[in-house]
Amino acid sequence: MSLRSLLVFVLAGFLAACAGSPPRETPAPVDTPPGESGRPVPAPAPPPVAPATDAVADLLARARDARESGETERALALLERAQRLDPVRGALYLELARTHAAAGDAAQAKAFAERGLLYCQGSECSALAPFTR
């Protein structure tokens, strides 16, 4: 065997080693609309019911009673507990604004009223508006 043919075989061996395997063809995913796959589509789950709703309503009522009897510190403590349970309830921010106003802290009343405007619904919004001025 000549040197030239040996060189060709060695070079061919290197090229074959570098070539690798051809890419495997996988079938393309088939998009089927819901309900057409042959099996029933499960119904969407109902939104979770917050068990804290009753607790928050109870805390709001107790805080309102405390504020009306002049116990603003106790009312604020109850409202802070309610806020930890349901931080997006507009009525909670309305009660916080009312309680801070009753305690003589207009700046805090305004701050809670402005925050409450993000979460209020219906009459809560109109009740919060005077505290923002």
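Just so you know, all these numbers are worked out from the coordinates, no wet-lab data involved. Because the structure is a prediction, the values reported are computed rather than measured. Note: ideal-geometry Cβ built from the backbone for every residue, glycine included; neighbour counts use all protein chains shown.
What does the C-alpha gyration tensor say about the overall shape of the range 52-132? Classify as rounded when a/c is under 1.5, otherwise prolate if a/b is larger than b/c, or oblate. Each step should come with its number before you reach the end.
On the way: a/c = 1.75, a/b = 1.07, b/c = 1.64.
Because a/c hits 1.5 or more and a/b fails to exceed b/c, the range 52-132 counts as oblate.
Summing +1 for each Lys or Arg and -1 for each Asp or Glu, what net charge is found among the other residues whose Cβ lies under 13 Å from the Cβ of Asp65? Provide the component values of the computation, followed by the final result.
Values: positive: Arg62, Arg64, Arg67, Arg74, Arg98; negative: Asp58, Glu68, Glu71, Glu95.
Charge balance near Asp65 sits at +1.
Give me the extension gain from Leu3 to Ala61: residue separation times 0.36 nm, minus the current Cα-Cα distance, reported in nm with one decimal. Can you show the working numbers first?
Values: separation 58, 0.36 × 58 = 20.88 nm, distance 9.99 nm.
Length gained between Leu3 and Ala61: 10.9 nm.
If we count every other residue with Cβ under 11 angstrom of Leu85's Cβ, Lys/Arg +1 and Asp/Glu -1, where does the sum land? Provide the component values of the computation, followed by the final result.
Details: positive: Arg81, Arg84, Arg89; negative: Asp54, Asp58, Glu80, Asp86.
Net local charge, Leu85 excluded: -1.
Under a crude label model (7 Å from the Cα following the beta-carbon direction), how far is Thr132 from Ser69 in nanometres?
3.4 nm
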